[in-house]
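In what follows, a single structure is set out as structure tokens and then discussed.
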Amino acid sequence: MPALAIHAAGAATMTHEPVSTRLAAEFLTVPLDTVDRCVADVRACTEHLGVEATPEVVERVAREHLLAIVNSAPPPRAFR
């Protein structure tokens, strides 16, 4: 079974599809490469499961994954 797809043409070039662009604008605290990787992973997973990887489905599932990343971050430390 192949590994999850990564849409990298080179070290500095990454394909930013519209789904990644919209999610990156929504999740400003998440690095862009993490958003791209999340979208690529969700697309690969949906295709592996035999689900049609429409942009709407990919965006919805990727948004849930990104929300989990944001919500799992520890709270900032308070100054004493």
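All of the numbers you see were taken from the coordinates with simple rules; none came from a lab. Note that the coordinates shown come from a computational prediction; the quantities given were computed from them, not determined experimentally. Because the Cβ atoms are built from the backbone with ideal geometry, glycine has one as well, and the counts that use them run over all protein chains shown.
Observations
- Only listed residue being among the polar types (S, T, N, Q) and not in a helix (DSSP H, G or I), chosen from THR34, THR46, THR21, THR29: THR29
- Residues located in the stretch 33-58, provided they are in contact with a strand residue (DSSP E or B) (Cβ under 8 Å, 6 or more places away or on another chain) and surrounded by fewer than 16 Cβ atoms within 10 Å (Cβ to Cβ): ASP33
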